[in-house]
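The values are calculated or read from the model by the stated rules, or taken from the named source; none is laboratory data. Keep in mind it's a predicted model, so treat the numbers as computed, not measured. Backbone-built Cβ (ideal geometry, glycine too); neighbour counts: all protein chains shown.
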Amino acid sequence: MTNGFRDAGLLADEDAEWVRRQNAHGNRSYTDPSTVVADCYNATVNPGARSWFKGDAFNLVLMARRYTRLLDRYEVPWVELRTERPGRIVYEDPVQVVAVPFTHEVDWPLRGPSASS
């Protein structure tokens, strides 16, 4: 969200620079999933794929909190989502996953008795 605000020219110059520095730090420190699985975010192959930080990836969670504070200053609403099953995993490393959300009945890993009929 912060990148979208920056790209649209909606951030103050100092905030846009802060986002640039934070993104550069993240790019140096963590793997970009698309450099390992080229089509992990491809809208046709993996529609709606999103990154999720693992619960024990404390440094990434702290970094995300700094971004949300910036969003708060600009009165941009955001929601923190937590789940143990983010969807069909298309990429995973020690700190993050990229998952396609379960959106169709056939995607759900658990089925009730009526699903077998």
Taking first residues from the range 71-85 that are farther than 14 Å from A12 by Cβ and second residues anywhere that are among the polar types (S, T, N, Q) and at pLDDT 90 or above, the pairs with Cβ under 9 Å that are 6 or more apart or on different chains are W78/T68; E80/T68
So, first residue within 14 Å of A99 (Cβ to Cβ) in the range 28-46, second residue part of a helix (DSSP H, G or I), Cβ within less than 7 Å, six or more apart or across chains; the pairs are C40/P33; C40/S34; Y41/S34
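Given the structure, is Q96 touching a Ser or Thr at 6+ places or on another chain (Cβ under 6 Å) and either at pLDDT 95 or above or among the polar types (S, T, N, Q) (or both)? Working first, answer last.
Working: touching a Ser or Thr at 6+ places or on another chain (Cβ under 6 Å): yes; either at pLDDT 95 or above or among the polar types (S, T, N, Q) (or both): yes.
Against the criterion (touching a Ser or Thr at 6+ places or on another chain (Cβ under 6 Å) and either at pLDDT 95 or above or among the polar types (S, T, N, Q) (or both)), Q96 qualifies.
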message = Looking at the structure I just gave you, is P86 at pLDDT below 95 and of a type outside the set (F, W, Y)?
response = yes
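Matching residues to (1) modelled with pLDDT of 90 or more; (2) at positive phi; (3) in contact with an Asp or Glu (Cβ under 6 Å, 6 or more places away or on another chain); (4) aliphatic (A, V, I, L, M):
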{"site": "V19", "(1), (2), (3), (4)": "yes, no, no, yes"}
{"site": "T44", "(1), (2), (3), (4)": "yes, no, no, no"}
{"site": "Y74", "(1), (2), (3), (4)": "yes, no, no, no"}
{"site": "Y91", "(1), (2), (3), (4)": "yes, no, no, no"}
{"site": "T103", "(1), (2), (3), (4)": "no, no, no, no"}
